[in-house]
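The values are calculated or read from the model by the stated rules, or taken from the named source; none is laboratory data. It should be emphasised that the depicted structure is a prediction, and the values quoted were computed from it without experimental measurement. Here the Cβ is made from the backbone with ideal geometry for all residues, glycine too, and neighbour counts use every protein chain on show. Note: accessible area is taken over every heavy atom of the protein model, side chains too, but ligands, DNA and RNA are not part of it. Shrake-Rupley method; radii C 1.70, N 1.55, O 1.52, S 1.80 Å.
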Amino acid sequence: MTQDILRQILDYSHRADPYPLYAELRKTPVYQRGDGPFVLSSYYDIRSLLHDPRISSDARNLSGTASEPIAADAQEDSALPPSFLRLDPPEHDRLRRMTNRSFGPPHCPTRVNDMHGQMAEIVSGLIDGIGDPEGIDLVDQFSYPFPVTVICRLLGVPREDEARFHGWADTIAAGLDPDPDAPDPAERLKVTHNARTELGMYLAGLVEERRKNPGNDMLSELATSQGPDGAMTTMELLSTAVLLLIAGHETTVNLITNGMLTLLRNPEILGRLREDPKLSVDIVEELLRFEPPVQLVPQRTTLTDVEVRGITIPKGASVWLVLAAGNRDPERFDHPDRFDPDRGDIQHLGFGSGIHSCFGAPLARLEAQLALSELARRLENPRLLEDPPPYRQNAVLRGPRHLRITCDGIRS
C-alpha cells in the first residue's frame, strides 16, 4: 500500500463509508506501518485474539516504543481507577463478577427484562414529543435521550436529577469526539474533565445515600452487595458507574441511529418490521454485524511475543482489532456487504468476544429492538432528508451526529 490505509480509516473524510478501506485492509490481515500498531482485520484472527490470554487490555503493559492509543479511545478519567474494561484477570474477573451480581443472572436474572415496561414508556414518550414530523433529527430527539434515560433508571438516579445527569452525559459524550476545529482544545478538555468530576461527586453522594437507604436499583445493589468477592470500594463503584454510563450510552445511540439509517436505505425490510415487530431480534443482530457501533478496539497489548499468520507481534506491542472489518470478512460471511436479517448464521463481533465481550449486551439489544420496532410502527412513510448524514468525528464509536428525516405523520 503506497498510502497508510490506517491513516485513511481514521481520516474523517471516510467516516460515512469506511468499508471499502476495510476491504483493502483485509488484503494485509496483519498490517503495520513504521512503528505504528499491529492492525488485524480478519474475522478469525480477531476472534482468536479476543480469546487469547496473551493479549492484555491494560495499557500499562505497552512498551515504551509502542504507539499510544488514539485520542478517541481516551474514555477514562485519571481521577478514578481503571474500570474492568481496562484490566486483565484476576482484577478484571473480580470486578466484572461483582458488577454482574447486580445486573444479570444468576443473582439478578430479571433486572433487564423487568425494565421492558419502563423502556417502552420512554420510547413512546419520546416519539410523542417529536413534534413536527416534517423535520426530525432522530439523534437529538430520540436516539440520544433514550439510552441515557434508561441508564438513569437502571442506576436509580432520582427522576428530579435526570436533567442534570443528561447534561453531564452530553458534555462527556462531546469530549469523546476529536474536534480539530476547536478554538481552544485545552478549554474543551477542561470542560469535559469538570463534567466528569461533577458526575463523580454526584454519584459518590448517591452511593452514600443508597448505602444508608438502599432501593431496588443497580446502584443500591452495588453499594450494599457482599458476595464471595467482598464489596467494591467507593472508587471502584464510581469507576464502574461511569463505565456503565459512557460505554452503555454511546454504543446504544450509534446502534439505534445506524439501525434506522440502514432500515431507511432498505425500505422493504423496514416495511417487514412494521408488520412484524418480532423481526427486530434478527434485524438488531444483523445490524451489529453490518454497522457495528464500535468499529475497532485500539487498546490491546501483547504480554509476550505472539505469532499471527507467520508474523511475530512482539511483547508490549500495540494491537488494534478492526471489528467492523472482521464483520464483513468474505471468508466468514456470504455476501458480507449485503444487509440481510434472514441470515441463518450471524455470529458477529459487534459486542466483541471473550472475557471482554460487551457487559451491557442484553440491555443494548432490548433497547434497540424496542426503539426500531416502535419507530417503524409509528412513523408514517419515513424518508431521509440527507444521505449520507453528518457523522461524528470518532472513528472508534462511529455513528451519525445527526439523522435528519421526514415523515407524513406519527401514528398513535
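All of (1) touching a residue at least 60 places away in the same chain (Cβ under 8 Å); (2) over 18 Å from the mean Cα position of the chain (by Cα); (3) surrounded by fewer than 15 Cβ atoms within 10 Å (Cβ to Cβ) hold for Thr302 with one exception: (3). Those residues that are assigned to a strand (DSSP E or B) and more than 16 Å from the chain's Cα centre (by Cα), I need them from segment 352-397; list them, please. The answer is Leu379, Glu380, Arg383, Leu384.
Residues being among the polar types (S, T, N, Q) and surrounded by fewer than 19 Cβ atoms within 10 Å (Cβ to Cβ) are entirely absent from segment 313-322.
Hand me the list of helices (runs of 4 or more DSSP H) wholly inside segment 200-279 holding 2 or more residues that are open to solvent by less than 10 Å² (accessible area, probe 1.4 Å) and in contact with a Gly (Cβ under 8 Å, 6 or more places away or on another chain).
Of the helices (runs of 4 or more DSSP H) lying wholly inside segment 200-279, those with at least 2 residues that are open to solvent by less than 10 Å² (accessible area, probe 1.4 Å) and in contact with a Gly (Cβ under 8 Å, 6 or more places away or on another chain) span 218-224, 234-265.
Kindly provide the set of residues from segment 156-185 that are at pLDDT below 85, more than 23 Å from the chain's Cα centre (by Cα) and open to solvent by less than 70 Å² (accessible area, probe 1.4 Å), ordered by number. Selection gives Ala182 alone. Under the condition of being under 27 Å from His249 (Cβ atoms), part of a loop (DSSP other than H, G, I, E, B) and at pLDDT below 70, the residues counted in segment 36-78 number 8.
To keep it simple, each residue is scored yes or no on (1) of a type outside the set (Phe, Trp, Tyr); (2) outside any helix (DSSP H, G or I); (3) under 16 Å from His249 (Cα atoms).
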{"residue": "Asn100", "(1), (2), (3)": "yes, no, no"}
{"residue": "His107", "(1), (2), (3)": "yes, yes, no"}
{"residue": "Thr110", "(1), (2), (3)": "yes, yes, no"}
{"residue": "Asp114", "(1), (2), (3)": "yes, no, no"}
{"residue": "Ala120", "(1), (2), (3)": "yes, no, no"}
{"residue": "Val123", "(1), (2), (3)": "yes, no, yes"}
{"residue": "Pro133", "(1), (2), (3)": "yes, yes, no"}
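Residues of segment 380-402 that are of a type in the set (A, V, I, L, M) and open to solvent by 40 Å² or more (accessible area, probe 1.4 Å): Leu384, Leu385.
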